[in-house]
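Structure first, commentary second.
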Amino acid sequence: MSNIEHLVVIGTGLIGGSVALALRRAGCVERITGVGRSAANLEEAVRLGIIDDFDHDIKKAVADADMVLIAVPVAACDSVFQSLASSLSAGAIVTDAGSTKQSVMISAAKYLKDVSRFVPAHPIAGTEHSGSAAAFAELFEDRMCILTPNEKTEAKALAKVTALWQAVGSHVEVMSAREHDDVLASVSHLPHLAAFAIVNAVGKNDAAFRFAAGGFRDFTRIASSSPEMWRDIALCNSLAIVDKIDALQAELKALRDALNDSDGDVLLEKFKAAKQARDSWLDEYGEKL
């Protein structure tokens, strides 16, 4: 990709910091400015070589940027767009890394003078850790990044953002924001809510944790993710997630009814169907996980 002269990363944590490190490793960015509220986190990012400098003032930071990456919790995107809108240069391109896309696009349209150079993105990568110290350049290697442009998106901006995510190692897919939010509600948002719910259910009996082993640890790993971040994601994609919760509850009810009826045939049918679906998924996509 052509060099980014000045990249501003708003939210210099795991995602924003990892993008900065990966672009620096690829040799396609000249200067990186971090923006955030925590001076300690930003100072750590400078020490680790993630960013060159930082500012707490979004308007000041983005004034001469040619690329801006918004990597804050999705609920904070509205205020970020409001803050940066008046200071962006005419040719600046903006992308984001949020887990929901419709809500972010609504915020962009509300505040940006020219929404054609905003290209929404969602890198499908992450860990349960946060902060600049958790960032690493390899986070996006062989991972998918979904872009959700619409009819207003400028082709040049889309190409530039596509090249950015490819430069950090991602495989880029394009779909509508509505489709993205529905798909991610199924394979990301619902599993996180389910993990939180299962840990809470087990936690009502503290003694049970003494006997939890690898299976429980692996299944509930994502319950160690940021509660604040997942609160924001859940609220920003609530309609799609509620639909998936209803589907999960229907499956759990079928299992509950089978148990009440001592119906082993139904249980076996459900378990076999789930195993077959998961095995097929791993056979096709396992190497990319």
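Here are the numbers for this structure:
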{"read-out": "Per-residue ³J(HN,Hα) for region 142-153, Karplus 6.51 cos²θ - 1.76 cosθ + 1.60, θ = phi - 60°, Hz, x for Gly and Pro", "value": "6, 9, 8, 10, 9, 9, 10, x, 10, 5, 8, 6"}
{"read-out": "Relative packing of 230-241, 69-80, 246-257, which averages over residues the other C-beta atoms within 10 Å, highest first", "value": "69-80, 230-241, 246-257"}
{"read-out": "Inverse mean reciprocal Cα-Cα distance (Kirkwood Rh) of region 4-176, Å", "value": "15.5"}
{"read-out": "Cα pair distances of region 179-288 binned at 5 Å [whole percent]", "value": "2, 10, 14, 18, 22, 20, 10, 3, 0"}
{"read-out": "Whole-number D in µm² s⁻¹ for the chain, Kirkwood Cα-pair radius fed into Stokes-Einstein, 25 °C, 0.890 mPa s", "value": "120"}
{"read-out": "Net charge dipole size for region 179-288 [Lys, Arg +1 and Asp, Glu -1 on Cβ; Debye, nearest 20]", "value": "560"}
{"read-out": "Estimated vicinal HN-Hα couplings, Hz - region 12-17 in sequence order (Karplus 6.51, -1.76, 1.60; Gly, Pro = x)", "value": "9, x, 4, 6, x, x"}
{"read-out": "Alpha-carbon centroids, region 150-175 and region 260-289: separation in whole Å", "value": "35"}
{"read-out": "Extreme residue, positive dipole direction of region 226-289, given options S238, Q249, W281 (C-beta unit charges)", "value": "S238"}
{"read-out": "Per-residue [θ]222 nm for the chain (sum of -39500 (n - 2.57) over DSSP H runs n ≥ 4, rounded to 500)", "value": "-15000 deg cm²/dmol"}
{"read-out": "When region 113-163 is reduced to its Cα atoms, the Kirkwood hydrodynamic radius in Å", "value": "12.7"}
{"read-out": "Volume in Å³ per residue [convex hull over Cα atoms, computed for region 30-122]", "value": "94"}
{"read-out": "Long-range amide H partners of M144 with built H, under 5 Å", "value": "I124, H171"}
{"read-out": "Charge dipole magnitude, Cβ of K and R +1, D and E -1 - the chain, Cα centre, debye nearest 20", "value": "360"}
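The numbers here are math on the coordinates, done by the rules we state, and not lab data. Worth saying up front: this structure is predicted, and the values here are computed from it rather than measured. Quick reminder, even Gly has a Cβ in these numbers, built from the backbone with ideal geometry, and neighbours come from all protein chains shown.
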